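Everything on this sheet refers to the single structure shown next.
The values are calculated or read from the model by the stated rules, or taken from the named source; none is laboratory data. These figures come from a predicted structure and were not determined experimentally. Note: ideal-geometry Cβ built from the backbone for every residue, glycine included; neighbour counts use all protein chains shown. For accessibility, only protein heavy atoms count, side chains too; no ligands or nucleic acids. Shrake-Rupley method; radii C 1.70, N 1.55, O 1.52, S 1.80 Å.
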Amino acid sequence: MAERPRRDPQGRDEPGFDWLYGNGGTEEGSVRGGRVARDPEPTQMLPTVSRPSPGGSPPPPRTTPPPRSRPAPPPPRRSGPRPRLRWLVYLLVVWAVFLVAVPVLAWQRIEKVDATPSGDRPAAQAGTTYLLVGSDSRAGLTRKQKRQLGTGDAAGRRTDTIMLLHIGAGPNLLMSIPRDSLVPVPGHGTTKINAAFAFGGPKLLTETIEQSTGIRVDEYVEIGFAGFVDVVDSVGGIEICPTQAMKDRRANLDIEKGCQEADGRTALGYARSRHTLGLGDIGRAQHQREVVSAVGRKAASPWTVLNPVRYYRLAMAGSRSVRVGEDTGLVATMRFAYAMTRVNGKNGLTCGVPISDLAVHWDPDRSRRLFRLIAQDRTADVTKRLCRASGLRNG
């Protein structure tokens, strides 16, 4: 049912709300009396704007322009010291090769001898014991050299120097065995110990020492007259300190009392002479240890390594006249050379075999005690009573 228009009290129709609702729902206006009334101010519709839905894709990110590329910096200039440093490295490499190559070359020239005895031997012992022999062989010496060195023309091969060097847990110990020591020589009865070398060479001498001392000999090193002189001269001479003037025609020796520089010929005469000393062969053994220690100290000095001429001469001099046992290798020989530089003062001990008299008979009690300590690698327990320069109880 249609809604009737409202009237005011005077009977007039109240104004409608066509002005608000758009003329009664028509688009153009309302119909009055058959006519369509136009709305003077039709409602204006706002244009619609599309908006992204909440679940839609996000707007594309804002892109920033790429940074401007900068030119690469120029390479740094090489400073001056770098080429010099490179050459220094090359020089050090060459020097290291030289220091290794020279001993290897010298080792290939060293003569090997069979010094390992057969039969019963002392069992293996702690530490390492070297037998050092100074041979009086004249092989390789000219007539003029024999005259200069006072060696004479004796034939054969004997030994003036016999030493045992022990290295191990304690101090190094260098012990001289006088060549006139009276000991049993297998197959030859009791006689002087150097006779073993003349009868049977290194093997018989090694066997004699092992049976007489109970000390196992691990390595063998022998040096002759000519080699001794060359070695001393190659290190520029050594210092000797005789306690009295010495003049020995047989050893071609004439020196004053006191410390002095000695060349190879003088050092050899000093080590061989026994006719000017009251102790005879005992005093000679002391001089031999003094000379051997002095050569070791000089050879181990930094100047030997820094001076290529001296380094080469020392290596070649040793190779010309040194003989080693067939079982003695390069490393063992180098250990021996180094150990010989550490047998004096705080670094080691130097002794003569404990003896009872100048005849030379070994002291049965003190010698056995010293030998046992060496065999047990207990050189730190060796007392001054056992280790004396002359070997005598009160010497």
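Quick notes
- Which numbered condition V221 fails, given (1) in a loop (DSSP other than H, G, I, E, B); (2) open to solvent by less than 30 Å² (accessible area, probe 1.4 Å); (3) under 30 Å from Y311 (Cβ atoms): (1)
- Members of the stretch 169-205 that are part of a helix (DSSP H, G or I), open to solvent by 40 Å² or more (accessible area, probe 1.4 Å) and without any contact (Cβ under 8 Å) to a residue 40 or more places away in the chain: F199
- Of the set (1) within 22 Å of D180 (Cα to Cα); (2) part of a helix (DSSP H, G or I), all apply to T266 but (1).
- Taking residues in the stretch 91-107 that are within 17 Å of L314 (Cα to Cα), and partners anywhere that are open to solvent by 80 Å² or more (accessible area, probe 1.4 Å) and assigned to a helix (DSSP H, G or I), the pairs with Cβ atoms closer than 6 Å and at least 6 places apart or on different chains are V102/Y312.
- Test: residue in the stretch 278-298 that is farther than 25 Å from N394 by Cα, out of contact with any Lys or Arg (no Cβ under 8 Å at 6 or more places or on another chain) and either among the β-branched types (V, I, T) or in a loop (DSSP other than H, G, I, E, B) (or both): yes
- Yes/no for T328 being among the β-branched types (V, I, T) and outside any helix (DSSP H, G or I): yes
- Test: residue in the stretch 185-206 that is closer than 30 Å to W303 by Cβ and touching a Leu at 6+ places or on another chain (Cβ under 8 Å): no
- Consider the stretch 360-376 and keep the residues that are part of a loop (DSSP other than H, G, I, E, B) and touching a Ser or Thr at 6+ places or on another chain (Cβ under 9 Å). The one that is surrounded by the fewest Cβ atoms within 10 Å (Cβ to Cβ) is H361.
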